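Colleague: Got a structure for you, written out below as structure tokens; questions coming shortly.
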Amino acid sequence: MILGAQIMIVAFIEEIIFRGLMLNILLPKGIRPAVLTSSLLFAITHSLQLLDGQSLETTILQITYAFFIGMVLSLLVVNQQSIIIAILFHGLNNSLIMMGKDNDSSIYTYIIILLMIIYTVFLWIRALKTDGVIAMKNREIAI
């Protein structure tokens, strides 16, 4: 039930806004600014948890986590993956977080952030290679 709600409501809406609209609007400015800006704005929206009484430390950790998840999701879309993949990834991620909320240890969050950083680097390299190949093809066509 949690997984279905997370995928069908939260993940779907957030992905349509941040990856479907915002990322695509920013892509003409370049991959880097588009991915960074959409990920940063996605992360900042998670600061609203402060209004619900969440501690500053937990909120900063959540913002950091959201930034790197946003980077991965944006780069998945940039690397020509369907937004459906981003929605499913996002929904599964949110569901796992919801199911593990009783665990007060933030070590898992740090481990996931580290994994997201590693995956972000891999996806950046892939996106930049793809962008370079597209740029080379465009130059060949122009010549």
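The values are calculated or read from the model by the stated rules, or taken from the named source; none is laboratory data. In this text, all values refer to a predicted model and were calculated from it rather than measured experimentally. Note: ideal-geometry Cβ built from the backbone for every residue, glycine included; neighbour counts use all protein chains shown. Note: accessible area is taken over every heavy atom of the protein model, side chains too, but ligands, DNA and RNA are not part of it. Shrake-Rupley method; radii C 1.70, N 1.55, O 1.52, S 1.80 Å.
Colleague: First measure r as the distance between the Cβ atoms of Ile25 and Phe122, then evaluate 1/(1 + (r/R0)^6) with R0 = 25 Å and state the FRET efficiency to the nearest 0.05.
Modeller: On the way: r = 25 Å, r/R0 = 1.02.
Result of the calculation: an efficiency of 0.45.
Colleague: For region 29-114, with every protein chain kept in place, what is the accessible area per residue (1.4 Å probe, Å²)?
Modeller: Result: 57 Å² of accessible area for each residue.
Colleague: Can you put Arg32, Arg126 in order of accessible area, largest first, using a 1.4 Å probe?
Modeller: On the way: Arg32 135, Arg126 100 Å².
The ordering from most to least exposed comes out as Arg32, Arg126.
Colleague: Once you place label points 7 Å from the Cα toward the Cβ at Gln49 and Met99, how far apart are they in nm?
Modeller: 1.9
Colleague: Still on this structure, I have one more. Between Thr130 and Met8, 0.36 nm times their residue separation minus their Cα-Cα distance comes to what? Provide the component values of the computation, followed by the final result.
Modeller: On the way: separation 122, 0.36 × 122 = 43.92 nm, distance 3.09 nm.
Stretched fully, the Thr130-Met8 segment lengthens by 40.8 nm.
Colleague: Continuing with the same structure: Simple spin-label model, 7 Å along Cα-to-Cβ: Ser82 to Leu114 in nm?
Modeller: 3.4
Colleague: With all protein chains present and a 1.4 Å probe, how do Lys29, Lys129 order by accessible area, largest first? Walk me through the numbers on the way to the answer.
Modeller: Details: Lys29 160, Lys129 135 Å².
Solvent-accessible surface, decreasing: Lys29, Lys129.
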